[in-house]
Every structure is written in C-alpha cells, then in structure tokens.
1. Write down the radius of gyration of the range 129-173 and its Dmax, each obtained from C-alpha positions, in Å.
2. So how do 141-147, 104-110 stack up, highest first, on mean other-Cβ count within 10 Å?
3. Once you have the Cα-Cα distance between residue 172 and residue 147, take 0.36 nm times their residue separation minus that, and quote the gain in nm to one decimal.
4. Mind listing the phi-derived Karplus ³J(HN,Hα) values for the range 23-28, rounded to whole Hz, using 6.51, -1.76 and 1.60 with θ = phi - 60°, and x for any glycine or proline?
5. Quickly rank 22-33, 119-130, 3-14 as a protection proxy: mean count of other C-beta atoms within 10 Å, highest first.
6. I need the calculated FRET efficiency for the pair residue 25 and residue 108, taking r as the beta carbon distance and R₀ as 25 Å, to the nearest 0.05.
7. Per Stokes-Einstein, at 10 °C and 1.306 mPa s, what whole-number D in µm² s⁻¹ belongs to the range 6-109, with the Kirkwood radius over Cα pairs as the hydrodynamic radius?
8. Only Cα pairs under 8 Å and at least 6 apart count here; give the relative contact order of the range 118-181 as a rounded whole percent.
Amino acid sequence: MIAEAFVGLDVSRTVLQIAVRPSGEHWSTGIDDVGMNETAEKLRELHPNLVVMEAHGGPELPLAGTLASLGLPFALVSPRSIKEFTRAIGGIRQDRNQARLLAHFAELVRPEVRKVPAESIQHLKTLRSRRVEVLQMMALEQGRIPMSPPSIQKELKNHIHFLEKSVFGIDEEISRTVRLSVRS
C-alpha cells in the first residue's frame with residue numbers, strides 16, 4: 001500500500017483511463033461492467049486519499065456510484081476547474097494525459113471529498129446488487145437461445161430485451177442517486 005495515493009479517472013464513452021500519483025502507475029480499461037468493477041476493486045485495495053473525475057454528467061456517474069458504494073473518497077470537479085488548473089501550472093491540456101492531469105490536480109488541490117449520505121450508499125449498494133442479478137439472468141437467457149426451438153427463442157429474446165431495459169433503468173437510477181447525493 002502506498003502511503004499517499006491520489007487517483008485521476010478520465011471517463012469517456014468507451015475507455016476508462018486511470019493514473020495514480022505519486023507512484024506514476026497508470027492503466028486503461030473498457031468502460032464496461034468488467035472494467036469498472038476491476039478498477040473499483042483495484043482502487044479499494046490501493047486505499048487512495050482521493051479519486052478525482054471531471055463532472056460531465058454522463059458516464060462518470062455510474063462509476064462514482066460504484067466508488068461511493070465501496071466507501072472510496074471521490075470528488076467530481078468541473079471541467080472549468082481543470083482548465084484553470086492546467087493554465088496555472090503552465091501546461092497544455094492533452095486528452096491522452098487527462099487521467100494524469102486529474103491525479104496531479106487531486107494531489108495539489110485536494111478538492112473536497114463528496115460525502116454521500118449513508119442511505120444513498122445503501123441504495124447504491126442495493127442497485128449494484130440488483131444490476132448484477134439482472135445481468136446474470138440475461139446471461140442465462142442468452143445461453144438458452146442456441147438450444148431452444150424457434151418458438152422459445154422468440155420468447156427468450158423478448159425476455160432479454162426486457163432485462164436490457166431493466167439494466168438501463170437501474171443505470172439511470174444509479175446516475176440520479178449520485179447526482180442528487182453529491183450536490184453541495
């Protein structure tokens with residue numbers, strides 16, 4: 001375990017880039033369930049002082065929900081704050097180094113950690129658990145399609161579509177919960 005660790009997470013629609021200061025460790029992964037969960041677990045083992053993400057109101061919210069449900073300290077900062085920080089340190093913002101820039105920001109500025117209320121954390125844990133259950137049901141149903149007769153395949157596909165909509169609804173609820181719980 002590092003004595004101090006400040007993490008920058010650059011969340012895009014397809015890639016999650018992670019940088020840790022002062023160790024210099026960095027990696028990237030997909031923004032899918034596997035990538036987000038692996039990153040969250042790795043960060044939990046790291047015990048960071050702070051995890052910083054830019055607040056765009058999009059793909060970072062489910063990840064923030066995951067971090068909150070694991071009790072990891074995080075801050076969502078405005079893109080404007082990052083832009084001003086970049087100017088202040090004499091740098092030019094480069095998206096390929098955005099996670100490193102965010103980690104540097106976390107280390108130097110140390111923005112306020114977002115305190116998520118206990119009831120919101122519990123709600124996020126429940127939502128994450130339900131999401132995993134629905135994804136497992138989807139996987140089971142998808143595995144049944146190849147061995148089923150056409151009439152059953154149609155019903156399985158309809159059920160999978162219903163489950164996909166359910167996952168989308170859970171994701172929206174996670175985002176809404178995070179958005180409401182981190183407002184100052």
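1. Final numbers for Rg and Dmax: 11.2, 36 Å.
2. Final packing ranking: 104-110, 141-147.
3. Stretched out fully, the residue 172 to residue 147 stretch lengthens by 5.7 nm.
4. Taking θ as phi minus 60°, the curve returns 5, x, 4, 7, 7, 9 Hz for the range 23-28.
5. Values: 22-33: 14.0, 119-130: 15.9, 3-14: 18.7.
Highest to lowest by the protection proxy: 3-14, 119-130, 22-33.
6. Working: r = 18 Å, r/R0 = 0.72.
Once rounded, the FRET efficiency stands at 0.90.
7. Details: Rh = 13.4 Å.
D = 119 µm²/s.
8. 45 percent
Values quoted throughout were computed directly from the atomic coordinates according to the rules given, and no laboratory measurement underlies them. Predicted, not measured: the structure shown is a model, and the values here were computed from it. Neighbour counts are summed over all protein chains in view; Cβ atoms, including those assigned to glycine, are modelled from backbone coordinates with ideal geometry.
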